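Below: the structure, in structure tokens.
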Amino acid sequence: MTHEVFNQPPPLTGYDVAADTALTAALEREGAGWATGDLHKLGLRAGSEETQRWAEEANRNEPRLLTHDRYGHRVDEVDFHPSWHRLMTVAVEEGLAGAAWADPRPGAHVARAAGFFVWSQAEAGHACPISMTYAVVPALRNNPELAAVYEPLLTSRSYDPGLRPPAAKNGLLAGMGMTEKQGGSDVRANTTTATFTGGTWRLTGHKWFTSAPMCDVFLVLAQAPGGLSCFLVPRVLPDGTRNTFRIQRLKDKLGNRSNASSEPEFEDTVAWLVGAEGQGVRTIIEMVSMTRLDCVIGSASGMRAALVQAIHHARHRSAFGGPLIGKPAMRNVLADLALESEAATVLAVRLAGAVDRAVRGDAGEQAFRRLAIPISKFWVCKRQPAVVGEALECLGGNGYVEDSGLPRLYRDAPLNSIWEGSGNVQALDVLRAIRRAPESLDAFFAEVGSEPRLDPAVRDLKAQFQDKDDWEVRARRVVERMALVLQGSLLIRHAPAAVADAFCASRLGGDWGHTFGTLPATADTTAIVERAAP
């Protein structure tokens with residue numbers, strides 16, 4: 001009987017994705033314990049066989065660009081598989097898009113972040129329009145008249161796809177158009193122009209990377225007479241006519257295949273000014289800050305998804321006389337991955353707590369998040385590819401096969417490090433924040449506090465800030481160290497000793513190799529892995 005299958009793990013399905021001790025403890029700590037019950041309901045849905053099928057179908061049946069109808073009229077629409085819409089429906093109805101901005105409860109943004117973390121483990125591609133819809137609200141408030149019209153629909157829990165006049169819909173999705181082919185992250189080099197004619201602004205130009213082009217409205221940067229400015233561009237105008245939003249093509253991307261990313265062209269496109277003319281970067285940066293937060297949450301989510309797969313495999317697979325999870329070398333790898341995952345999780349939820357309190361008027365938390373978000377975006381998003389790659393290796397050849405789910409996680413892993421500013425942009429933004437808002441550095445060190453396991457690293461950091469002559473050369477090294485110190489501080493305060501001690505010894509104390517699975521012999525790898533297991 002050569003076809004008998006044995007010593008293969010059962011499918012990882014029908015489990016609660018929110019059964020994550022680090023996540024639920026952070027949820028309570030950051031003021032959203034009231035959302036725990038709903039989070040577990042969402043976790044069970046995320047871990048269901050049905051949702052896993054949706055994720056697979058949405059990625060295998062990629063979005064299609066429809067430029068014209070049968071009669072030759074331009075329609076510029078994107079057609080998605082029904083499973084994409086099912087994923088989107090759950091995300092919006094669960095309040096993962098803009099709903100937190102309309103929720104007066106303290107901790108609303110934390111609850112939303114935890115839900116985003118859990119649901120993104122099911123499928124990451126559809127999280128892009130969900131994230132942008134969440135992020136657009138604070139930027140749009142720079143134009144109170146526009147906010148009064150659009151915000152109630154952006155904060156709706158109704159997923160209402162299709163291009164129709166915004167006022168005729170039950171809910172809206174938002175995107176952004178910043179980068180152009182000649183500038184990339186240097187948005188001040190943008191050439192899209194904005195002219196004020198006949199009582200309205202009109203845009204002309206070409207954007208290079210605009211994700212989720214099926215969204216209802218977009219924040220777009222364009223050069224006005226007064227300088228680079230931010231504009232709201234609807235796909236459909238209030239009178240029901242299509243705005244000029246020509247989709248030239250969809251990008252053929254490494255990962256994030258379920259999500260459409262496009263190159264739109266504007267020609268005499270109607271737009272409304274958001275914020276002051278010439279203050280486009282300052283206006284849209286409020287949106288960018290929130291999408292950067294979601295990059296951190298999304299990367300932490302991807303790490304957790306990969307770790308859970310690795311632990312599940314090692315529990316059920318035997319080799320060399322016993323279960324893989326019982327082998328010291330494998331257990332060390334899993335424990336190392338678990339440290340990375342927990343550190344990313346507690347940091348992501350701490351950032352969400354800072355955002356929640358900052359939007360409610362806490363100046364200290366506002367100063368902290370100004371620095372902590374780009375620090376975390378730099379480091380956590382860079383760790384995701386390494387974590388997913390090592391987790392894939394834990395499954396061996398099985399992990400290299402598409403139906404394991406790990407290849408999709410691996411292709412998606414680099415995205416968050418690139419989107420909303422790559423590593424250099426984040427590192428330089430941290431230095432810029434320290435120069436322009438020194439109170440943010442004070443808030444960082446106040447958060448870290450004083451603790452023997454951290455003090456040598458904190459002293460080294462403070463010494464780095466004394467000499468600012470070659471900051472750009474040292475930017476990545478400094479920001480990496482800041483991220484590790486911040487993560488170590490959070491784990492010391494909120495994780496068991498086994499986790500905090502192993503993290504500090506390896507990441508801050510130098511007792512670590514250059515690959516995962518090189519934790520010191522003193523690390524309690526069994527306790528670390530048991531804590532991480534779902």
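Restricting attention to segment 241-257, the residues being in a loop (DSSP other than H, G, I, E, B) and either modelled with pLDDT under 95 or within 30 Å of TRP54 (Cβ to Cβ) (or both) number 8. Set side by side, the residues VAL296, VAL274, VAL270 differ, and just one is farther than 21 Å from PRO166 by Cβ, aliphatic (A, V, I, L, M) and touching a residue at least 60 places away in the same chain (Cβ under 8 Å), which is VAL296.
So if I check each of ARG435, ARG383, which one is basic (Lys, Arg) and either crowded, with 19+ Cβ neighbours inside 10 Å or in contact with a strand residue (DSSP E or B) (Cβ under 7 Å, 6 or more places away or on another chain) (or both)?
ARG383
Does ALA437 meet the test of being aliphatic (A, V, I, L, M), touching a helix residue (DSSP H, G or I) at 6+ places or on another chain (Cβ under 7 Å) and modelled with pLDDT of 95 or more? When the stated conditions are applied, ALA437 does not pass them.
Residues that are part of a helix (DSSP H, G or I) and within 28 Å of the chain's Cα centre (by Cα) do not occur anywhere in segment 258-272. Consider PRO456 carefully, then state whether it is surrounded by fewer than 19 Cβ atoms within 10 Å (Cβ to Cβ) and in a loop (DSSP other than H, G, I, E, B). No. Restricting attention to segment 24-81 and to residues that are in a helix (DSSP H, G or I) and β-branched (Val, Ile, Thr), the residue that is nearest to ALA124 (Cα to Cα) turns out to be THR51. In segment 489-529, which residues are β-branched (Val, Ile, Thr), over 27 Å from the mean Cα position of the chain (by Cα) and assigned to a loop (DSSP other than H, G, I, E, B)? THR518, THR522, listed by residue number. Only residues that are assigned to a helix (DSSP H, G or I) and of a type in the set (Phe, Trp, Tyr) were counted in segment 459-472, giving 1.
Among the residues in segment 81-94, are any over 20 Å from LYS253 (Cα atoms), more than 22 Å from the chain's Cα centre (by Cα), touching a residue at least 40 places away in the same chain (Cβ under 8 Å) and surrounded by fewer than 18 Cβ atoms within 10 Å (Cβ to Cβ)? There is no residue in segment 81-94 that is over 20 Å from LYS253 (Cα atoms), more than 22 Å from the chain's Cα centre (by Cα), touching a residue at least 40 places away in the same chain (Cβ under 8 Å) and surrounded by fewer than 18 Cβ atoms within 10 Å (Cβ to Cβ). Candidates ARG282, ARG249: the one that is surrounded by fewer than 18 Cβ atoms within 10 Å (Cβ to Cβ), free of Cβ contacts under 8 Å to residues at least 40 places away in the same chain and within 21 Å of THR191 (Cα to Cα) is ARG282. Answer yes if at least one residue in segment 66-77 is under 23 Å from the mean Cα position of the chain (by Cα), of a type in the set (Lys, Arg) and either farther than 19 Å from LEU44 by Cα or surrounded by fewer than 21 Cβ atoms within 10 Å (Cβ to Cβ) (or both), and no otherwise. Within segment 66-77, not a single residue is under 23 Å from the mean Cα position of the chain (by Cα), of a type in the set (Lys, Arg) and either farther than 19 Å from LEU44 by Cα or surrounded by fewer than 21 Cβ atoms within 10 Å (Cβ to Cβ) (or both). Count of segment 160-191 residues, restricted to those that are in a loop (DSSP other than H, G, I, E, B), at pLDDT 95 or above and crowded, with 21+ Cβ neighbours inside 10 Å, is 3. Among the candidates ALA124, ALA147, the residue that is in a loop (DSSP other than H, G, I, E, B) and of a type in the set (Gly, Ala, Ser) is uniquely ALA124. Could you tell me whether GLY14 is at pLDDT 95 or above, part of a loop (DSSP other than H, G, I, E, B), on the phi > 0 side of the Ramachandran plot and surrounded by 13 or more Cβ atoms within 10 Å (Cβ to Cβ)? Answer is no for this residue.
Taken as a whole, segment 433-445 holds at least one residue that is among the aromatic types (Phe, Trp, Tyr), closer than 30 Å to ALA363 by Cβ and in a helix (DSSP H, G or I). Do we find that GLY115 is part of a helix (DSSP H, G or I), surrounded by fewer than 22 Cβ atoms within 10 Å (Cβ to Cβ) and not polar (S, T, N, Q) in this structure? Here the answer is no, as GLY115 does not meet what is asked. Return yes or no: is GLY171 touching a residue at least 40 places away in the same chain (Cβ under 8 Å) and over 26 Å from the mean Cα position of the chain (by Cα)? Taking the combined requirement at face value, the residue does not satisfy it. Scanning segment 313-335 for residues that are in a helix (DSSP H, G or I), in contact (Cβ under 8 Å) with a residue 40 or more places away in the chain and surrounded by fewer than 20 Cβ atoms within 10 Å (Cβ to Cβ), we see that the one that is nearest to the chain's Cα centre (by Cα) is ARG315. Considering every residue within segment 348-355, establish whether at least one is crowded, with 18+ Cβ neighbours inside 10 Å and without any contact (Cβ under 8 Å) to a residue 40 or more places away in the chain. Yes - at least one qualifying residue is present in segment 348-355.
The values are calculated or read from the model by the stated rules, or taken from the named source; none is laboratory data. Quick caveat: nothing in here was measured; it's all calculated off a predicted structure. Virtual Cβ from ideal backbone geometry, glycine too; neighbours counted across all protein chains shown.
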